[in-house]
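Comments concern the structure below.
The values are calculated or read from the model by the stated rules, or taken from the named source; none is laboratory data. Predicted model, so just to flag it, every value in this text is computed and none were measured. Every residue, glycine among them, receives a Cβ derived from its backbone with ideal geometry; neighbour counts consider all protein chains shown.
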Ligand code: PGA
């Protein structure tokens, strides 16, 4: 079983999500399907898919205009939340420290965080890929957690760019993440790959060791693009 998660970013409508949910009903798969959608679309009956948010506040409630807390996300019936996506890190200056607080908030209300780590092109060129990935994993995950989490490796230079790392690069990154998680007592944590996943590369990427699924941006918006990714692997 693989985890196939969609990240709609700031796209879509409630009608579009209902269409996706009904299109997913008849798909022949045992893979776990997660749709991380804008807050405004949470709360729908999601059928065989699970819904998730794309960010969460570090705070539980109070005078934080515009923020949405983990308890509020859980109250909609959503089960997942993406934390530390590269666009949050880039446009909202989220650091590993902030991400770790958000992960704690999510876990305390029963949400499973999908924690994103990955290097920028600048970091890649400077030969820092492994360092950034390892510190991302170590610093974005609180100590001594006993609940499920998901980690996503998203090379930031490849997101939305139609670029993907080589099989060797993905293998190296996922092996490092698996080893780091195991040294933290978190072996068995699913590790997703994300960035420019599409129908034509999904099966090959998911055949790489330690790739337990994918986090899909652009190609998760339409059933015709997303369903072939889901059915590309058993
Ligand atoms: P992409 O986005 O599939 O459009 O590259 C992936 C992501 O940002 O999660």
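Points worth noting:
Results for (1) outside any strand (DSSP E or B); (2) within 20 Å of the chain's Cα centre (by Cα); (3) touching a residue at least 60 places away in the same chain (Cβ under 8 Å), shown as yes or no for each residue.
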| residue | (1), (2), (3) |
| --- | --- |
| 5 | no, yes, yes |
| 11 | yes, yes, yes |
| 16 | yes, no, yes |
| 35 | no, yes, yes |
| 40 | yes, yes, no |
| 56 | yes, yes, no |
| 59 | yes, no, no |
| 64 | yes, no, no |
| 73 | yes, yes, no |
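- The residues of the stretch 18-33 that are more than 25 Å from residue 211 (Cα to Cα) and assigned to a loop (DSSP other than H, G, I, E, B) amount to a single one, 26.
- Looking only at the stretch 154-176, and only at residues there that are under 20 Å from residue 31 (Cβ atoms) and in a helix (DSSP H, G or I), the one that is farthest from the ligand (Cβ to nearest atom): 174
- Members of the stretch 90-104 that are touching a residue at least 40 places away in the same chain (Cβ under 8 Å) and either crowded, with 22+ Cβ neighbours inside 10 Å or within 16 Å of the ligand (Cβ to nearest atom) (or both): 90, 99, 102, 103
- For the stretch 129-147, the criterion of being part of a loop (DSSP other than H, G, I, E, B), surrounded by 15 or more Cβ atoms within 10 Å (Cβ to Cβ) and within 14 Å of the ligand (Cβ to nearest atom) is met by none of the residues.
- Candidates 161, 152, filtered to the one that is in contact (Cβ under 8 Å) with a residue 12 or more places away in the chain and surrounded by fewer than 18 Cβ atoms within 10 Å (Cβ to Cβ): 161
- Answer from 196, 200 - the residue that is within 15 Å of the ligand (Cβ to nearest atom) and assigned to a loop (DSSP other than H, G, I, E, B): 196
- Subset of the stretch 75-88 that is part of a helix (DSSP H, G or I) and touching a residue at least 60 places away in the same chain (Cβ under 8 Å) - its residue that is surrounded by the most Cβ atoms within 10 Å (Cβ to Cβ): 86
- Residue match in the stretch 1-23 (condition: within 14 Å of the ligand (Cβ to nearest atom), modelled with pLDDT of 95 or more, surrounded by fewer than 16 Cβ atoms within 10 Å (Cβ to Cβ) and closer than 22 Å to residue 75 by Cα): yes
- The stretch 209-230, subset away from the ligand (no atom under 12 Å from the Cβ) and within 19 Å of residue 162 (Cβ to Cβ), residue surrounded by the fewest Cβ atoms within 10 Å (Cβ to Cβ): 224
- Just one of the numbered conditions (1) within 15 Å of the ligand (Cβ to nearest atom); (2) surrounded by fewer than 16 Cβ atoms within 10 Å (Cβ to Cβ) is not true of residue 40: (1).
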